[in-house]
Each structure stands twice: as C-alpha cells, then as structure tokens.
C-alpha cells in the first residue's frame, strides 16, 4: 500500500515525497488510519520503524489550515523534541501550519517569539512546558490532539506527576495518542485516565532485536577494556560509531582517551549545555565526528541515519536498554553491527539481557588482540573473517563493507 492510499491530504503527501519517503512502514500502515479516524491509540514498535511519521502525517492531514495551537506533543528529552519538530516542519512544508519546539537548556526569548507569532503544533518537554503554562504564555484550552511520545522513557525519567498535570489541563474532549517502543504495565496507570477506549497497535516484538542488526559480546578483563575498544575501532570498517557509557563521567573519560588516540569524537549527555548537545548531534550527523560517546540519553528515539556500529562500552543497567541502544544502528531497513564489551562482573547482566530478548548473544574474540592471560575466553567460536565474507557477518576491516560509497 502506498502513502496515497492512506487518505492523507495532498499537501502532506507532497511533503512525504519531498522528504524521500516511499513506502509506509508497518507501524505507519496500522496507525495512520486510526489517527485519521479520530480515535485514541496506544502504539508500540521497535526503534527505527517510523513512529514519528505514524502520528505526524495523519495529524497534519487533520489540521487543515493554520489556526490556534491544537496539537501538543510531549517528549522526554530536548533532542527528541527538536527532532520531532523538524519532522513536523518537513512534512508540513507545503502547508501553512506552524510548529514550535519548547524545551529547557536554552533561553526563552526565541521560543516566546515563535509562540507569539502563532503556532498550530507545540512539541515540548514537560518541564519547560510547565514554565510557560504557569506564566500563561501557553494555554492548552484549544488542544484537540494530545500525543505522548516515548511514554515508557518519560515514566522512567520520573515525569509522571508533571505529565498527569499537563493532561488535566487539556480539554476532556480530545484525541489522545500514546507512542512508545515498549508498553510496560506502568503505562496503564496513565492510559486509564488519559485515553478512552484506545485502539492498540503493536508492530514487532517489544523485546526483540532488529533483525538487520548483527550483535555480539566481546569478553575482556576490566583493565583491557579501553584497549579492546581502540583495537575494535582500528580493525572495523565503520561509517560512524555510537559508543555507550553508563555514566556521564565515564562518557567524558572515554571521549578524552579516544581523542588522544586521534579519533574525532563528540560527547552527548545531560551535563552538556544545550548548545554543546546540538553541536555534537549535528557534527555526528554530518560526519564531522566519526565517533559519538553518549549515555542512554541517546538510546531512545535519536534518529541519526547511517550509524553503522554501536559499541556498548558499558553493559546497560536495564535489559530493555540493550534493545534500545543497539537499535540506533540498522535503522529503516539498513544493516548494522553492535558490539558489547563484557567483563566478568557483567555475567549477571548478560544473563538478564539474554533472558529478556529470548536469545543467546554470540561471544567473539578479536583476532590479533593481545589478550592477557586473565582475560575470559568466550563460550563461542573465535571470530574468523574469510575472504568473501557475506554482508550478514560482523564487519571488520577486510570484510565486505556494506556502507562503502554511501557518503
């Protein structure tokens, strides 16, 4: 089925075409008719499957012409708010509809100017939105469509009381949409009072790893962990690499050491200023930085096309975060590789992850790396890279490069 067959407006269809979209993804095929029909919805799908377009396209089609603020989209992070605003602007380029993103970490001046000009769609993080509501710069009295995006992440970050307050400030007669990568039981506490007889759309298994991602564990001793990271980067044919750290301090330390090893590196975590975060993402997307070291702030929803590799320098604290992290590669039917550096102390975490995804993750050793005698040996075979390696195999230098020539 084409986008045209989904009964989107002509101006939105032009925006879809200009944005380079061709065929709808499963989540778009199933969610768009529900949203166009005006019903409430709880939708879940794996990362990288087009959830933003699944609500943005039908919402823009329903709005028609420019008027009052009628749509509110809540996002858990500044990066997601900025990203979703950009998507709305791209899809609405052939309409007169206006979108603004309001989030913290930057001054109020530009955001206030945009709000005074008049907007139809507000994309906001809960904290900054509450600031504007309290000073009455924003009113929600005309909101007819309320969208909570990445709901599970919002609850994880402790936004539930603020989100409930915001929901209560919206008109009772409205359409409410929940979009999320996972739908844990905690979401029901919000859904029970926020939605009315919602339809449910689920595409893919919430606990599964995207089939286009080849992932593996690399056992190593704690003292050789960084050395193995450098060796993996040296022997890997990568386009761009996202390295995950558990902590902000750890991310800064890894970045400093990688820079000393002559890698171009960006850093993304909550302690960076908003300008620093914007510059890091922009530089990583443009290719200025080949490596971005980040905390789990980048694990949910951040859409960077062409991330060929994800490396978990630290094993994530929650099993579901493993799925979200490695979902940053292999997006939109592309292929990607994900490596996780595992020390003996991580044994319990790895068991939890494998139980969560319902599969055993292969264990590999990097050929040619000088492991110390105390380094744990994997249970699986050593990594071999015969000539003529197929695209589905883990890629290191000398193997078939699925990304060559893409830039």
In the set 347, 359, the lone residue that is modelled with pLDDT of 65 or more and outside any loop (DSSP other than H, G, I, E, B) is 347
Here the residues within region 95-111 that are farther than 16 Å from residue 274 by Cα and either surrounded by fewer than 16 Cβ atoms within 10 Å (Cβ to Cβ) or under 25 Å from the mean Cα position of the chain (by Cα) (or both) are 96, 98, 99, 100
Conditions (1) buried (at least 19 other Cβ atoms within 10 Å of the Cβ); (2) at pLDDT below 90; (3) assigned to a loop (DSSP other than H, G, I, E, B) -> residue 317 fails only (1)
Selection from region 286-314 of residues part of a helix (DSSP H, G or I) and at pLDDT below 85 yields 296, 297, 298
Qualifying residue in region 270-278 (condition: in contact with a strand residue (DSSP E or B) (Cβ under 9 Å, 6 or more places away or on another chain), closer than 29 Å to residue 44 by Cβ and not assigned by TED's automatic domain parsing to the domain that holds residue 161):
yes
Would region 1-22 turn up any residue that is without any contact (Cβ under 8 Å) to a residue 60 or more places away in the chain and buried (at least 24 other Cβ atoms within 10 Å of the Cβ)? no
Query - Boolean, residue 153 is farther than 26 Å from residue 43 by Cα, touching a residue at least 60 places away in the same chain (Cβ under 8 Å), under 20 Å from the mean Cα position of the chain (by Cα) and not in a strand (DSSP E or B) - result: no
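Residues checked against (1) outside the structural domain of residue 59 (by TED's automatic domain parsing); (2) assigned to a helix (DSSP H, G or I); (3) surrounded by fewer than 16 Cβ atoms within 10 Å (Cβ to Cβ); (4) touching a helix residue (DSSP H, G or I) at 6+ places or on another chain (Cβ under 7 Å):
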position: 115; (1), (2), (3), (4): no, yes, no, no
position: 123; (1), (2), (3), (4): no, no, no, yes
position: 162; (1), (2), (3), (4): no, yes, no, yes
position: 179; (1), (2), (3), (4): no, no, no, yes
Look at residue 63 and say whether it is within 28 Å of residue 137 (Cβ to Cβ), in contact with a helix residue (DSSP H, G or I) (Cβ under 8 Å, 6 or more places away or on another chain) and either in the same structural domain as residue 175 (by TED's automatic domain parsing) or touching a residue at least 12 places away in the same chain (Cβ under 8 Å) (or both).
no
Picking from 176, 182, the residue that is touching a strand residue (DSSP E or B) at 6+ places or on another chain (Cβ under 8 Å) and modelled with pLDDT of 95 or more would be 176
The condition from (1) in contact with a strand residue (DSSP E or B) (Cβ under 7 Å, 6 or more places away or on another chain); (2) more than 28 Å from residue 285 (Cα to Cα) that residue 103 misses is numbered (2)
Going by the conditions given, is residue 151 buried (at least 19 other Cβ atoms within 10 Å of the Cβ) and more than 27 Å from residue 66 (Cα to Cα)?
yes
Exercise. Kindly establish whether residue 119 is in contact (Cβ under 8 Å) with a residue 12 or more places away in the chain, surrounded by 15 or more Cβ atoms within 10 Å (Cβ to Cβ), assigned by TED's automatic domain parsing to the domain that holds residue 54 and in a helix (DSSP H, G or I).
Key: no
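The values are calculated or read from the model by the stated rules, or taken from the named source; none is laboratory data. Keep in mind it's a predicted model, so treat the numbers as computed, not measured. Every residue, glycine as well, gets a Cβ built from its backbone with ideal geometry; the counts of neighbours run over all protein chains shown.
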